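Visitor: After the structure tokens below, expect a handful of questions from me.
Read-outs: derived from the displayed coordinates by stated rules, not from any lab. None of these values were measured; they are calculated from a predicted model. So basically every Cβ, Gly included, is an ideal-geometry build from the backbone, and we count neighbours across all protein chains shown.
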């Protein structure tokens, strides 16, 4: 039996001598003379599928590299989206604010160095791997940039090629008021603290500026180790300027020396993953990293507080960390944007509403207001139980697509007013899911004993008649 005829014939099969001669005789002239045809064909494939064609031949590899480079340039500009960052202690999940990230560039994206082979042909091998290791840099800030402001008209001399062109296109430096800082505290006898981190893309509609499309980029946790904080900020002083003497453990000193040796060997600018000031989200790949600047937190001296500690683990420490920049792997941004486009195409352009996870909303948000009477003798108990609301109940509220939930109290009438917004797709199904949760039922039984319903004949929150009386909306102004 002829082994050549029975050889694999797939596009990814290794070519034998006969197949290679046929490819060189028929396919290569087509590839070299009509690259635009292949470019238009490759442009139809998603990036993940397109990468599978790179080992086919040199010409495929070269053309696919051009397509990927163009897509990475578009992804680095976010393609009309805005990058948002949420990074806070897990206990501040309900009160933490969102940070807005401004692009400061993608190092290496505009550079396309290529070596020459002995026959003069360009060498592209290994370039795609380097493109996959590029990171786009963003500067977090609290204030959202004005996306609807008209761009300033350039003066007559401020045109490409003029002496003022480079100056006008510099990335604006962050002002003191734009700097984002958080306080990180590591309790006594703890080795680290945690920061819950979420990064997502959002797009606003052009007319009213409402956020109508959101795509999750990454979500995870960053561990901030005590030793890392100490190494990034070695100077500690009291508020009066007196230095604090801390004797580090021998293991800490040894780890610190090893890290200094590693830093001397490699340059952080070449590989940002070796930069000790960058902490990465605990995902499988280092796709999202945040560069921190640690500042000392002034300690207030008291008479009972010792100046000398045997070990830094025995005392709680607190630092002020500044978010200098966020690093996002550009290839990961590209995959996220392609998933967003595919999701919008599959769902007919409906808006994506972002709760803790992405949910597709097919109906308009619904705002509600309800009232119930609170027994005057139960006011303090009611406040205390809501100050320590059960996490299972809060999670169920989120899972049922209820946001902006607030409860107000009027002391004259002893009435509780509740306002909320529902942003799901099936209200009855969400309410049934809420009522079926055993923890929610236990919570209702506890709070119902402190209340009196305005609904005639109601016996509790599980009553089909309802326990909180709904109010009629008579006016709304959204601006």
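Visitor: Describe numerically, in nm with one decimal, the distance between label points set 7 Å from Cα along Cα→Cβ at residue 285 and at residue 34.
Guide: The answer from the label model is 3.4 nm.
Visitor: On to the next question. When only Cα pairs under 8 Å and 6 or more residues apart are kept, what is the percent relative contact order across segment 366-471?
Guide: 38
Visitor: Subtract the Cα-Cα distance of residue 452 and residue 41 from 0.36 nm times their separation in residues, and report this length gain in nm to one decimal. Please list the in-between numbers first.
Guide: Working: separation 411, 0.36 × 411 = 147.96 nm, distance 6.85 nm.
Going from the current span to full extension adds 141.1 nm.
Visitor: In nm, give the distance between the simple-model label positions of residue 57 and residue 69, each being 7 Å from the Cα along the Cα-to-Cβ direction.
Guide: 2.1
Visitor: While we're looking at this one, here's another question. Suppose R0 equals 30 Å; then what is the FRET efficiency for residue 212 and residue 463 from their Cβ-Cβ distance, rounded to the nearest 0.05?
Guide: Calculated transfer efficiency: 0.20.
Visitor: Separate question: Could you line up 178, 404 from fewest to most neighbouring Cβ atoms inside 10 Å?
Guide: 404, 178
Visitor: Which order results if 407, 402 are arranged by neighbouring Cβ count within 10 Å, fewest first? Working shown, then result.
Guide: Working: 407 15, 402 20.
Ordered from fewest to most neighbouring Cβ atoms within 10 Å, 407, 402 come out as 407, 402.
Visitor: Taking 56 Å as R0, compute the FRET efficiency from the Cβ-Cβ separation of residue 474 and residue 188 and round it to 0.05.
Guide: 0.55
Visitor: Cut-off 16 Å, label point 7 angstrom out along Cα-to-Cβ of residue 221: give me the residues of segment 315-348 whose amide nitrogen falls inside.
Guide: none
Visitor: Label-point separation (nm) for residue 393 and residue 338, each offset 7 Å from Cα along Cα-to-Cβ?
Guide: The two pseudo-label positions are separated by 4.6 nm.
Visitor: I would also like to ask the following. Among 384, 86, which comes first, then next, by fewest other beta-carbon atoms within 10 Å?
Guide: Fewest-to-most Cβ neighbours within 10 Å comes out as 384, 86.
Visitor: Can you tell me how much longer the chain between residue 421 and residue 48 gets when fully stretched, taken as 0.36 nm per residue apart minus their C-alpha distance, in nm with one decimal? Each step should come with its number before you reach the end.
Guide: Details: separation 373, 0.36 × 373 = 134.28 nm, distance 3.84 nm.
Using 0.36 nm per residue and subtracting the Cα-Cα distance, I get 130.4 nm.
Visitor: Could you calculate the contour length gain from residue 92 to residue 403, that is, 0.36 nm times the residue separation minus the distance between their Cα atoms, to one decimal place in nm?
Guide: My answer for the length gained is 110.3 nm.
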